[in-house]
There are 2 protein chains.
Amino acid sequence: MDLKAYLEEKRTAVEASLKGVFDKPEGPASDIIRAMNYSLLAGGKRLRPILCISGAEAVGGEARGVLPVACALELIHTYSLIHDDLPVMDNDDLRRGKPTNHKVFGEALALLAGDGLLTEAFRLMSGPDVSKVADPRLLLEVIGLVATAAGYRGMVGGQVVDVQSEGREVEPSIVEFIHTRKTGALINAAVTSGAILGGGKEDQVQAISRYGWRIGLAFQIADDVLDVEGDSRRLGKPVGGDASKKKITYPSVLGLKRAKEAQREMVEQAVQSLTAFDQKADPLREIARYIIERKK
Amino acid sequence: MDLKAYLEEKRTAVEASLKGVFDKPEGPASDIIRAMNYSLLAGGKRLRPILCISGAEAVGGEARGVLPVACALELIHTYSLIHDDLPVMDNDDLRRGKPTNHKVFGEALALLAGDGLLTEAFRLMSGPDVSKVADPRLLLEVIGLVATAAGYRGMVGGQVVDVQSEGREVEPSIVEFIHTRKTGALINAAVTSGAILGGGKEDQVQAISRYGWRIGLAFQIADDVLDVEGDSRRLGKPVGGDASKKKITYPSVLGLKRAKEAQREMVEQAVQSLTAFDQKADPLREIARYIIERKK
């Protein structure tokens with residue numbers, strides 16, 4: 001299969017859908033809409049929405065039925081980037097080659113833009129667009145899955161330990177704790193929610209969830225490796241940022257060689273999780289390999 | 001009816017339920033659980049959860065069926081207080097007589113505690129506890145209603161305009177814009193979601209929603225008035241804070257006398273919205289009056 005064309009096709013559908021999430025920026029609160037759209041529509045790979053769609057397709061479902069949930073996942077990802085970039089957190093000035101949200105809109109509005117994106121994600125997942133095409137019980141299951149992945153047991157919990165570990169010596173188990181939660185949990189929720197809404201049977205959903213955990217971890221290790229070896233122009237942010245901030249990463253704790261071995265192992269295990277699936281799961285297989293071969 | 005006993009009975013049920021929301025604070029991310037519980041379990045009137053229960057009871061429903069949603073509303077309210085108190089927003093040191101979250105846990109953890117509370121609210125609303133007792137379609141409607149009320153069209157939008165209006169001369173219409181969104185939207189969502197989950201017919205839900213908008217506005221005006229006339233010991237925070245921060249309030253824009261007239265008018269209209277209801281709506285009627293007579 002032509003992965004590049006596949007990713008481009010799905011990305012285009014996701015972009016079109018994301019553009020329609022918010023009302024036109026009118027009225028007294030129009031600045032918050034501008035601030036949310038600034039970060040939401042700043043490009044990016046749209047990996048989480050695409051994984052949600054690919055997860056649905058792997059079990060015979062359709063992209064149309066999961067698009068609002070796919071977009072909701074990107075809203076949650078975007079909120080997490082805005083809050084992570086704030087001065088009280090990572091204090092970053094650049095994101096995807098553009099000034100970070102608080103650099104453009106100020107810290108108060110950036111904080112609220114993050115809050116607004118997170119909240120709107122749940123409105124999207126419960127909205128009439130998606131409840132018309134999906135079984136409401138499955139939708140509730142997906143909302144619970146996404147909330148768990150994004151909350152204190154997942155992304156928020158990973159971020160807490162990340163912030164508290166900066167500049168300290170930590171065990172490899174702590175790096176894994178951070179990575180499986182900070183990045184892995186939402187990536188897993190993306191592909192798994194697609195499989196649930198796409199009508200996957202229980203064993204299919206479980207297999208895709210196993211795939212999701214493996215590629216989530218592989219993705220974060222790959223991000224860490226890119227921060228050491230990548231090209232700052234392609235990444236849209238300076239390389240070496242993790243080391244200068246004394247961030248806890250796989251390369252910093254295990255060394256670059258073992259980090260690369262770990263990501264390859266994760267990808268192999270991810271692909272093995274899909275042995276019972278036919279060629280409808282080929283995009284998931286290809287995406288797993290792409291995750292560690294990408295340059296940004 | 002004995003409103004004091006009614007409020008105390010419901011508050012006790014809500015407190016017990018709130019104590020069980022989060023896992024025990026164990027493991028690497030235990031601090032986030034401590035930070036969330038610190039603000040969530042700091043007391044307070046629990047007005048939103050109680051309104052949700054009273055809304056359900058007014059249409060013949062039971063408290064048991066709405067308790068997870070009632071608690072979710074308190075989580076959302078608590079997150080909004082933590083984020084509002086942050087130095088980049090209102091920069092408050094005291095809340096309910098205790099140091100604010102960021103004063104105890106630092107700004108990064110307070111930010112994440114707010115994010116965690118907001119996210120967990122949606123997990124609660126979609127969880128097995130509530131989906132066992134409620135129609136999943138009604139639950140999705142409620143999740144959408146609460147997300148809209150909490151998001152950029154509601155609470156977040158009101159907060160944006162509030163922050164942007166500080167220290168500036170504004171029209172009375174802007175005060176109403178802020179108040180209906182910043183406080184009114186979630187109060188309305190609380191009582192309306194109770195009516196929906198309690199099995200209310202469409203005209204009943206609409207009447208209770210009208211009631212909700214009126215008491216939401218009355219509640220915020222009463223808060224503004226208390227900030228001018230209240231007792232700082234009872235309030236657990238200094239009085240006069242709004243004026244010193246040049247906050248936009250009803251008293252500051254309309255004067256104290258007209259602000260008090262406006263809140264009385266809102267309460268009368270709220271009670272009138274309930275004429276078609278029997279004595280099961282008495283708690284809602286009494287709560288409307290209590291809102292402007294309270295001392296904290």
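Some values worked out for this structure:
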quantity: All positions within segment B:223-239 that are in contact with a Lys or Arg (Cβ under 9 Å, 6 or more places away or on another chain) and not charged (D, E, K, R); calculated: B:225, B:226, B:230, B:235, B:236
quantity: Single unsatisfied condition, residue B:174 versus (1) away from chain A (no Cβ under 11 Å); (2) touching a residue at least 60 places away in the same chain (Cβ under 8 Å); (3) hydrophobic (A, V, I, L, M, F, W, C); calculated: (1)
quantity: Helices (runs of 4 or more DSSP H) within segment A:1-95 that include 2 or more residues touching a His at 6+ places or on another chain (Cβ under 7 Å) and within 14 Å of chain B (Cβ to nearest Cβ); calculated: none
quantity: Residue in segment B:144-166 that is farthest from residue B:51 (Cα to Cα), counting only those that are more than 8 Å from chain A (Cβ to nearest Cβ) and not in a helix (DSSP H, G or I); calculated: B:166
quantity: Test for residue B:202: is it within 29 Å of residue B:129 (Cα to Cα) and either small (Gly, Ala, Ser) or surrounded by fewer than 23 Cβ atoms within 10 Å (Cβ to Cβ) (or both); calculated: yes
quantity: Condition check for residue B:106: within 22 Å of residue A:86 (Cα to Cα), within 11 Å of chain A (Cβ to nearest Cβ), surrounded by 22 or more Cβ atoms within 10 Å (Cβ to Cβ) and more than 14 Å from the chain's Cα centre (by Cα); calculated: no
quantity: Criterion (charged (D, E, K, R) and either part of a helix (DSSP H, G or I) or buried (at least 19 other Cβ atoms within 10 Å of the Cβ) (or both)) met by exactly one of B:176, B:169; calculated: B:176
quantity: Failed item, numbered, when residue A:286 is tested on (1) surrounded by fewer than 18 Cβ atoms within 10 Å (Cβ to Cβ); (2) under 23 Å from residue A:52 (Cβ atoms); calculated: (1)
quantity: Enumerated helices (runs of 4 or more DSSP H) restricted to segment B:179-296, each holding at least 2 residues that are among the hydroxyl-bearing types (Ser, Thr, Tyr); calculated: B:185-197, B:202-229, B:250-254
quantity: Lone unmet requirement of (1) in contact (Cβ under 8 Å) with a residue 60 or more places away in the chain; (2) surrounded by fewer than 17 Cβ atoms within 10 Å (Cβ to Cβ); (3) within 14 Å of chain B (Cβ to nearest Cβ) for residue A:234; calculated: (3)
quantity: Unique match (being crowded, with 18+ Cβ neighbours inside 10 Å and not polar (S, T, N, Q)) among A:195, A:243; calculated: A:195
quantity: Of all residues in segment B:111-143 being farther than 20 Å from residue A:149 by Cβ and at the interface with chain A (Cβ under 7 Å from one of its Cβ atoms), the one that is surrounded by the most Cβ atoms within 10 Å (Cβ to Cβ); calculated: B:136
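For (1) in contact with a helix residue (DSSP H, G or I) (Cβ under 9 Å, 6 or more places away or on another chain); (2) polar (S, T, N, Q); (3) modelled with pLDDT of 95 or more, each residue gets a yes or a no:
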{"site": "B:147", "(1), (2), (3)": "yes, no, yes"}
{"site": "B:173", "(1), (2), (3)": "no, yes, no"}
{"site": "B:176", "(1), (2), (3)": "yes, no, no"}
{"site": "B:180", "(1), (2), (3)": "yes, yes, no"}
{"site": "B:183", "(1), (2), (3)": "yes, yes, no"}
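The values are calculated or read from the model by the stated rules, or taken from the named source; none is laboratory data. In this text, all values refer to a predicted model and were calculated from it rather than measured experimentally. Ideal geometry is used to build each Cβ from the backbone, glycine not excepted, and the neighbour counts take in all protein chains shown.
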